[in-house]
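Trainee: Would you mind keeping the following structure in view while I ask a few things?
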Amino acid sequence: MSEWTLKRLLGALGAVAAVWLLVFFVSRRSDGDEAQVTGPIATFFEGADSSTLTAVRFRRSFGTLELRNVGGVWEAGGFKSDSGSISRFFQTLRDTEVTGVAATNPANHARMGLDPDTAASLELEQNGTTRRILVGLDGPRTGTFYARMPDEDVVYLVDSGLRSYVFRQLDDWRNRRMLAIDTSRVRRITVERDGQSATLVRTDSVWTFADGGPANARPVQNILNELGGGLVAARFVSDADSIGRLPPGGTTVAYAETGEQLAAVTVGSGTGDRWATAAGDSVRYRLPPFRVDLIVPRVETLRP
């Protein structure tokens with residue numbers, strides 16, 4: 001390689017390096033600008049914790065959903081909430097950061113999903129006051145979205161997975177675990193399904209039928225697993241759901257040694273998904289066929 005060629009190559013590399021440095025410093029300067037977010041948006045998410053907020057409301061085009069702190073326990077739409085969903089939501093809320101200004105011209109509101117007539121909103125209720133933010137479309141990077149204060153034209157870029165929570169349906173927030181009892185206390189189980197019935201009793205660690213005949217250990221253990229916390233519904237049965245009008249198809253009841261009823265689960269009839277209820281709970285749950293067979297098995301499967 002000649003000296004002239006080498007000099008030209010080094011010159012080209014130098015030009016590339018200069019362009020890269022220019023882009024790098026402009027990017028760094030932009031990051032610095034993002035850190036200068038001020039005004040109500042800068043403090044909107046501060047102090048947003050499950051122990052300090054009294055309510056959270058998501059207003060969407062298809063309806064409003066409220067999470068409310070009732071005596072230290074969060075409810076979703078007036079129903080028992082799923083504690084895992086609540087915990088993850090508040091963790092996401094704490095991790096949310098407003099990273100910079102995305103637009104200042106109100107002409108951009110519609111294309112960013114922040115038109116005041118159609119935008120979703122998030123409301124945080126704390127100490128008797130409510131603060132509100134409009135939630136727009138997803139941002140240019142994964143895990144970001146556009147947002148603005150209702151009385152401001154400035155659009156901000158928010159780094160957070162919060163947007164997906166804003167658009168969740170009520171069922172996604174509700175507690176689907178039907179019951180959870182201490183199965184070590186269970187000494188007798190009655191099963192009724194499809195017109196047949198059986199009574200199972202526990203002697204030491206062995207389950208038998210009431211007449212002393214041996215019981216199939218696997219389906220009995222399945223019942224205990226469901227009673228102990230495994231009975232999780234697929235969804236809920238609404239008033240308009242046709243399966244809710246079907247008659248009962250089976251029941252499993254668990255008793256303690258004293259005869260105290262510890263749990264009772266009733267399922268509807270049918271061949272597909274069925275409605276299900278637990279004693280002491282007015283909610284109608286939806287169970288898939290396989291889970292129906294676990295909690296209210298066919299009587300013939302209980303025999304070896």
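Trainee: What number goes with the only condition from (1) closer than 30 Å to residue 228 by Cα; (2) aliphatic (A, V, I, L, M); (3) assigned to a strand (DSSP E or B) that residue 135 does not pass?
Mentor: (1)
Trainee: When only residues in the stretch 276-290 that are of a type in the set (A, V, I, L, M) and assigned to a strand (DSSP E or B) count, which is surrounded by the most Cβ atoms within 10 Å (Cβ to Cβ)? Let's see the steps before the verdict.
Mentor: Taking the stretch 276-290 first, the residues of a type in the set (A, V, I, L, M) are 276, 278-279, 283, 287.
Next, from what is left, pick out any that are assigned to a strand (DSSP E or B): 276, 278, 287.
Values: 276: 25, 278: 19, 287: 27.
Among them, the one singled out is 287.
Trainee: One residue is enough: does the stretch 173-193 have a residue meeting the conditions touching a Gly at 6+ places or on another chain (Cβ under 7 Å) and farther than 30 Å from residue 87 by Cβ?
Mentor: Within the stretch 173-193 (the criterion being touching a Gly at 6+ places or on another chain (Cβ under 7 Å) and farther than 30 Å from residue 87 by Cβ), the answer is yes, since at least one residue qualifies.
Trainee: Does residue 228 qualify as being within 12 Å of residue 186 (Cβ to Cβ), without any contact (Cβ under 8 Å) to a residue 60 or more places away in the chain, surrounded by 12 or more Cβ atoms within 10 Å (Cβ to Cβ) and touching a Ser or Thr at 6+ places or on another chain (Cβ under 7 Å)? Working first, answer last.
Mentor: Numbers: within 12 Å of residue 186 (Cβ to Cβ): yes; without any contact (Cβ under 8 Å) to a residue 60 or more places away in the chain: yes; surrounded by 12 or more Cβ atoms within 10 Å (Cβ to Cβ): yes; touching a Ser or Thr at 6+ places or on another chain (Cβ under 7 Å): yes.
Yes; evaluated as a whole, the condition is true for this residue.
Trainee: Now a separate question. Report, by residue number, each residue of the stretch 93-129 that is without any contact (Cβ under 8 Å) to a residue 60 or more places away in the chain and either of a type in the set (Val, Ile, Thr) or outside the structural domain of residue 59 (by TED's automatic domain parsing) (or both).
Mentor: Scanning the stretch 93-129 gives 104, 118, 129.
Trainee: A follow-up question, please. May I ask you to verify whether residue 212 is modelled with pLDDT of 95 or more and of a type in the set (Gly, Ala, Ser)? Spell out how you get there, then give the answer.
Mentor: Values: modelled with pLDDT of 95 or more: no; of a type in the set (Gly, Ala, Ser): yes.
No.
Trainee: Can you tell me which residue in the stretch 97-132 is nearest to the chain's Cα centre (by Cα), limited to those that are in a loop (DSSP other than H, G, I, E, B) and within 17 Å of residue 162 (Cβ to Cβ)?
Mentor: Step one: filter the stretch 97-132 for residues in a loop (DSSP other than H, G, I, E, B), giving 104-105, 109-119, 127-128.
Of the ones still in play, those that are also within 17 Å of residue 162 (Cβ to Cβ) are 112-114, 119.
Values: 112: 26, 113: 24, 114: 25, 119: 22 Å.
In this case the residue turns out to be 119.
Trainee: Does residue 174 fit the bill of being within 26 Å of residue 287 (Cα to Cα), within 20 Å of the chain's Cα centre (by Cα) and either touching a residue at least 40 places away in the same chain (Cβ under 8 Å) or not assigned by TED's automatic domain parsing to the domain that holds residue 237 (or both)? Reasoning before the result, please.
Mentor: Details: within 26 Å of residue 287 (Cα to Cα): yes; within 20 Å of the chain's Cα centre (by Cα): yes; either touching a residue at least 40 places away in the same chain (Cβ under 8 Å) or not assigned by TED's automatic domain parsing to the domain that holds residue 237 (or both): yes.
Spelling it out, residue 174 is indeed within 26 Å of residue 287 (Cα to Cα), within 20 Å of the chain's Cα centre (by Cα) and either touching a residue at least 40 places away in the same chain (Cβ under 8 Å) or not assigned by TED's automatic domain parsing to the domain that holds residue 237 (or both).
The values are calculated or read from the model by the stated rules, or taken from the named source; none is laboratory data. Worth saying up front: this structure is predicted, and the values here are computed from it rather than measured. With ideal geometry, Cβ positions are generated from the backbone for all residues, glycine too; neighbour counts draw on all protein chains shown.
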